[in-house]
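The values are calculated or read from the model by the stated rules, or taken from the named source; none is laboratory data. Every value quoted in this text rests on a predicted model; they were computed, and no experiment measured them. We place every Cβ from the backbone using ideal geometry, glycine too, and count neighbours over all the protein chains shown.
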Amino acid sequence: MKKFLVAVCASLLMLSALAVSSVRSAKTDTSQEQVPFPEVQRITKEELKALLGKPGLILLDVRIEEEWKTSLQKLPGAVHEDPLELDTWAPKYPRDATIVLY
């Protein structure tokens with residue numbers, strides 16, 4: 001559960017960071033870009049594809065409601081959860097599940 005909550009909190013922070021617009025200089029060297037929240041475990045789309053359909057996998061779409069409703073791209077089987085209501089939905093997921101947030 002601790003691992004799950006750390007991943008959830010970090011993902012929420014990442015979503016918050018993404019919501020903040022940033023202005024890049026034309027001189028910015030993109031090869032030196034740093035990944036936000038490097039302590040959060042990430043997987044590739046290929047790794048996720050290999051996990052799909054396996055028991056114990058839970059896909060959580062934690063985009064804000066407006067973005068989720070208007071998006072045409074949703075992962076099959078994903079459950080939408082409000083990122084601002086973490087305390088209400090986090091306890092309902094099993095501690096031993098593999099939980100992927102996006």
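Observations
- Restricting the stretch 50-102 to residues that are among the hydroxyl-bearing types (Ser, Thr, Tyr) and over 14 Å from the mean Cα position of the chain (by Cα), the residue that is surrounded by the most Cβ atoms within 10 Å (Cβ to Cβ): 93
- Per-region count, the stretch 65-102, residues aliphatic (A, V, I, L, M) and over 18 Å from residue 53 (Cα atoms): 4
- Scanning the stretch 37-49 for residues that are surrounded by 11 or more Cβ atoms within 10 Å (Cβ to Cβ) and either at pLDDT 95 or above or not in a loop (DSSP other than H, G, I, E, B) (or both) yields one hit, 48.
- All positions within the stretch 50-83 that are in a helix (DSSP H, G or I) and either of a type in the set (Phe, Trp, Tyr) or touching a residue at least 40 places away in the same chain (Cβ under 8 Å) (or both): 51, 68, 83
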